[in-house]
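Comments concern the structure below.
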Amino acid sequence: MFDGYDSCSEDTSSSSSSDESEEEVAPLPSSLPIIKNNGQVYTYPDGKSGMATCEMCGMVGVRDAFYSKTKRFCSVSCSRSYSSNSKKASILARLQGKPPTKKAKVLQKQPLVAKLAAYAQYQATLQNQAKTKAAVPVEGFSWGNYINSNSFTAAPVTCFKHAPMGTCWGDIAEGVRVEVPNTDCSLPTKVFWIAGIVKLAGYNALLRYEGFENDSSLDFWCNVCGSDIHPVGWCATSGKPLVPPRTIQHKYTNWKAFLVKRLTGAKTLPPDFSQKVSESMQYPFKTSMRVEVVDKTHLCRTRVAVVESVIGGRLRLVYEESEDKSDDFWCHMYSPLIHHIGWSRSIGHRFKRSDITKKQDGHFDAPPHLFMKVKEVDAAGEWFKEGMKLEAIDPLNLSAICVATIRKVLADGYLMIGIDGSEAADGSDWFCYHATSPSIFPVGFCEINMIELTPPRGYAKLPFKWFDYLRETDSIAAPVKLFNKEVPNHGFHVGMKLEAVDLMEPRLVCVATVTRIIHRLLRIHFDGWEDEYDQWVDCESPDLYPVGWCQLTGYQLQPPAPQSSRDSQSSSSKQKKKAKSQQYKGHKKMTSLQLKEELLDGEEYSFLQGASDQESNGSASYYIKQEP
């Protein structure tokens, strides 16, 4: 990469002679993520070579980044301004009867002085602002400070296949080198320097400038997918200056030798990394598209809604009949809650017809291929039947897994599920789950995995035992073999940080932690809130995101609740009557009934060993054996 460096001029002058020839620069091989000791020619400032001074504005920078073959000017505008002023000087000399010189002097030297003065004033203003801000506590949240101060770890980007770069993150890890803006510099223009990744937290990386060794005083956090991070070699190909930080600029006498030693064999970002980031943030759903989505006032049916906005793949849907557009619903474009127009009719699902008989101008149906596909199932043989019992995550209380019943079998593998003991008389709170949904489980799932099962409301015979309940209700359990037993190699571990949707208010994305892992099922805790607001979420849920997702997409992140808010919320929740609501803002969080965890008698049940909370990956037999 540095071959040919020694051929660069060692002269410390501004190199303003007109007969100077421009160095040939070999392009960086686009297919090499490894920095090699050949190819691209760099000129790094070492105090003795490779520097130039603009003859128009006086800016000092890397010579190879200057404009024109003579390298006399830092930009096209400076070159043109100099040329214009030179002509004016020549004409004025002739009018005054003076012989023209070979190099006419620039008439106005004020631009350099004015720029330096303005820059000095700008720096002073920034320092004053910094002092003012430091005295006033800033109301905000920084993932970097939060992780550093608590030694947290974050779930890697590869855990989130639906998120930008989730499937093409590659080998980005600690030690990867990048080119980033140099903030420790007094030059008036934006310059860059090389930094290495010290720690990764989702999209965010803790960076350290090359040359600081073990000194972490200027370490800083930056979003790897941001516009200011580039692979090594970008500055040379883009004509941007590489300048060492002011703090260490005198640490080495030969920056070239230092960088050759440090960078040879190191990894950097792929040359097309920014392009991949851009492509992964293109979303097929557009505003004004019409979809079918669950009716948040009656879970058993769907309604037509229109895409009002798209942020990071999350859709703000406005129900079609909402004139003021206030009746809305948030979900991800891969959510199982949205479908193409006509889906409800095709499977026999209840649907609320709109009072609007004609499409509004500009609205159009979203193409069916945009929606998440479900696995095909074979319902011809043994299949789910109405009245069968199972366990299911309560759609109105995501912190609870409850005793449930199949109320209706629809087409294409869809089932209408009701939560025992709390169903509305008209079935308006039945919820649609697909047979392959990771939110439904066979009888005994909670028992074998030591999860608290919420019994039917009002059921007095505690502790709850499935065999007794099945006998009392004259019911049968849904066969274990019909449930989805696939456990992907998801990569989550207990304690990992992430950003998660609060499904009680699905417009909110919050700071969260993985607190339990049962195969593919994750227990998500919202930092700063009581455990009663935790949610059971599938490892492949589109409502989970890497740390830094909100910053990358421009979505607002909800920080951990402060102590005052927690105390107020706790007091308020204790006073409220804990009853289910028909309003489905997403999944309504509620306090589940507190039951003592006890295993069922070994003489009545024989079961297979389940997974511990520490297990994060791999399939296992975690269902209870059904006895004849």
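Tabulated values for the structure
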quantity	calculated
Selection status of His349, on the phi < 0 side of the Ramachandran plot and in contact with a Gly (Cβ under 7 Å, 6 or more places away or on another chain)	no
Residue match in the range 215-233 (condition: farther than 24 Å from Pro156 by Cα and surrounded by 19 or more Cβ atoms within 10 Å (Cβ to Cβ))	yes
Check on Lys375, outside any helix (DSSP H, G or I), open to solvent by 10 Å² or more (accessible area, probe 1.4 Å), touching a strand residue (DSSP E or B) at 6+ places or on another chain (Cβ under 6 Å) and over 23 Å from Gly444 (Cβ atoms)	no
Residue among Ser335, Ser346 that alone is part of a loop (DSSP other than H, G, I, E, B) and either at pLDDT 95 or above or open to solvent by less than 50 Å² (accessible area, probe 1.4 Å) (or both)	Ser335
Subset of the range 295-310 [among the hydroxyl-bearing types (Ser, Thr, Tyr), in contact with a strand residue (DSSP E or B) (Cβ under 7 Å, 6 or more places away or on another chain) and not in a strand (DSSP E or B)]	none
Cross-chain or 6+ apart pairs with Cβ under 7 Å, the range 365-376 first and under 10 Å from His339 (Cβ atoms), then open to solvent by less than 70 Å² (accessible area, probe 1.4 Å) and hydrophobic (A, V, I, L, M, F, W, C)	Ala366/Phe285; Ala366/Met289; Ala366/Val291; Phe371/Ile338
Thr247 vs. criteria among the hydroxyl-bearing types (Ser, Thr, Tyr) and open to solvent by less than 60 Å² (accessible area, probe 1.4 Å)	no
Filter result for Val232 (outside the structural domain of Asp502 (by the TED database) and out of contact with any helix residue (DSSP H, G or I) (no Cβ under 8 Å at 6 or more places or on another chain))	no
Test for Trp430: is it closer than 28 Å to His349 by Cα and either of a type outside the set (S, T, N, Q) or outside the structural domain of Ala392 (by the TED database) (or both)	yes
Boolean, Val291 is surrounded by 19 or more Cβ atoms within 10 Å (Cβ to Cβ) and not in a loop (DSSP other than H, G, I, E, B)	yes
Any hit, the range 315-330, residues being open to solvent by 10 Å² or more (accessible area, probe 1.4 Å), within 28 Å of Cys225 (Cα to Cα) and without any contact (Cβ under 8 Å) to a residue 24 or more places away in the chain	no
Residue check for Lys408: among the basic types (Lys, Arg) and within 30 Å of Asp426 (Cα to Cα)	yes
Hits in the range 163-205 (condition: open to solvent by 20 Å² or more (accessible area, probe 1.4 Å) and in a strand (DSSP E or B))	Arg177, Pro181, Val198, Lys199, Leu200
Checklist (1) free of Cβ contacts under 8 Å to residues at least 40 places away in the same chain; (2) within 30 Å of the chain's Cα centre (by Cα) applied to Thr302, failing item	(1)
In the range 311-325, residue farthest from Gln556 (Cα to Cα) [restricted to those that are in a loop (DSSP other than H, G, I, E, B) and modelled with pLDDT of 90 or more]	Glu320
Residues of the range 144-158 classified as of a type outside the set (Gly, Ala, Ser) and open to solvent by less than 10 Å² (accessible area, probe 1.4 Å), total	2
Residue list for the range 501-522, filter: of a type in the set (Asp, Glu) and either surrounded by fewer than 22 Cβ atoms within 10 Å (Cβ to Cβ) or modelled with pLDDT of 95 or more (or both)	Glu505
Hits in the range 251-284 (condition: surrounded by 13 or more Cβ atoms within 10 Å (Cβ to Cβ), without any contact (Cβ under 8 Å) to a residue 60 or more places away in the chain and not in a helix (DSSP H, G or I))	Lys251, Tyr283
Criterion violated by His363 - all others in (1) more than 16 Å from Met416 (Cα to Cα); (2) in the same structural domain as Ile476 (by the TED database) satisfied	(2)
Any chance Val232 is in contact (Cβ under 8 Å) with a residue 60 or more places away in the chain and in contact with a strand residue (DSSP E or B) (Cβ under 6 Å, 6 or more places away or on another chain)	yes
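Rundown of residues vs (1) assigned to a loop (DSSP other than H, G, I, E, B); (2) open to solvent by 40 Å² or more (accessible area, probe 1.4 Å); (3) touching a strand residue (DSSP E or B) at 6+ places or on another chain (Cβ under 8 Å); (4) modelled with pLDDT under 95, yes/no style:
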{"site": "Ile524", "(1), (2), (3), (4)": "no, no, yes, no"}
{"site": "Glu532", "(1), (2), (3), (4)": "no, yes, yes, yes"}
{"site": "Val547", "(1), (2), (3), (4)": "yes, no, yes, no"}
{"site": "Pro560", "(1), (2), (3), (4)": "yes, no, yes, yes"}
{"site": "Ser571", "(1), (2), (3), (4)": "no, yes, no, yes"}
{"site": "Lys578", "(1), (2), (3), (4)": "yes, yes, no, yes"}
{"site": "Gln583", "(1), (2), (3), (4)": "yes, yes, no, yes"}
{"site": "Gly586", "(1), (2), (3), (4)": "yes, no, yes, yes"}
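The values are calculated or read from the model by the stated rules, or taken from the named source; none is laboratory data. All figures in this text were calculated on a predicted structure; none of them were measured in a lab. Please note: Cβ atoms are built from the backbone with ideal geometry, for glycine as well, and neighbour counts cover all protein chains shown. When the accessible area is computed, the model is the full protein with side chains, heavy atoms only, and any ligands, DNA or RNA have been set aside. Shrake-Rupley method; radii C 1.70, N 1.55, O 1.52, S 1.80 Å.
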